[in-house]
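Structure record follows, encoded as structure tokens.
Readers should treat all values here as calculations from the given coordinates under stated rules, not as data from a laboratory. In this text the structure is predicted, and so the values were computed from the model without any measurement. Please note: Cβ atoms are built from the backbone with ideal geometry, for glycine as well, and neighbour counts cover all protein chains shown.
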Amino acid sequence: MATAQTKTAANGSAAKPDDIEAQLAALRADLSALADSVSGLGKSKAGDLKQRGDDAAAKIAANSSAAAKRVKEDLDRIEEGVSTNVRARPIRSLAIAAGIGLAVGYLVRR
């Protein structure tokens, strides 16, 4: 069992219980203030990171929307080109479609 010992102050006199309690209260107050500071810093960093994440998400959404629009425009242009060629040369287009159909049929049958 540990025994309580009275520590002496720097000047050689015995430390009084009231002094120790006052120092402990001051230490508790300092720790509480430190905990509040750390908590505030954490909240600030979390807010900053959330804002950066939201900004990145908005940028990605805008970029993907623009890419989807470009792909749609390209597909519309290709479709228009194919339609024009089919109308200009229907027999050739029919022969190409039949050849592709035979090739796919041959590959599927295997």
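Observations on the model:
- Estimated FRET transfer efficiency when R0 is 41 angstrom, pair Ala35-Asn63 (beta carbons, to 0.05): 0.45
- Over the chain: helical MRE at 222 nm, DSSP H runs n ≥ 4 each giving -39500 (n - 2.57), nearest 500: -31000 deg cm²/dmol
- Calculated FRET efficiency for the pair Ala26/Lys50, C-beta based, R₀ 25 Å, to 0.05: 0.10
- Positive dipole terminus of the chain, leading residue within Ala61, Leu27, Thr84 (C-beta point charges): Thr84
- Using alpha-carbon coordinates, inclination of helix 17-88 to the longest axis of the chain, degrees: 0
- Net dipole in debye of the chain [+1 Lys, Arg Cβ; -1 Asp, Glu Cβ; about Cα centre; nearest 20]: 1100
- Shown for the stretch 18-109: lysine pairs separated by 8 or more places, or found on different chains, whose C-alpha atoms are under 22 Å apart, numbering 4.
- Using alpha-carbon coordinates, inclination of helix 90-109 to the longest axis of the chain, degrees: 60
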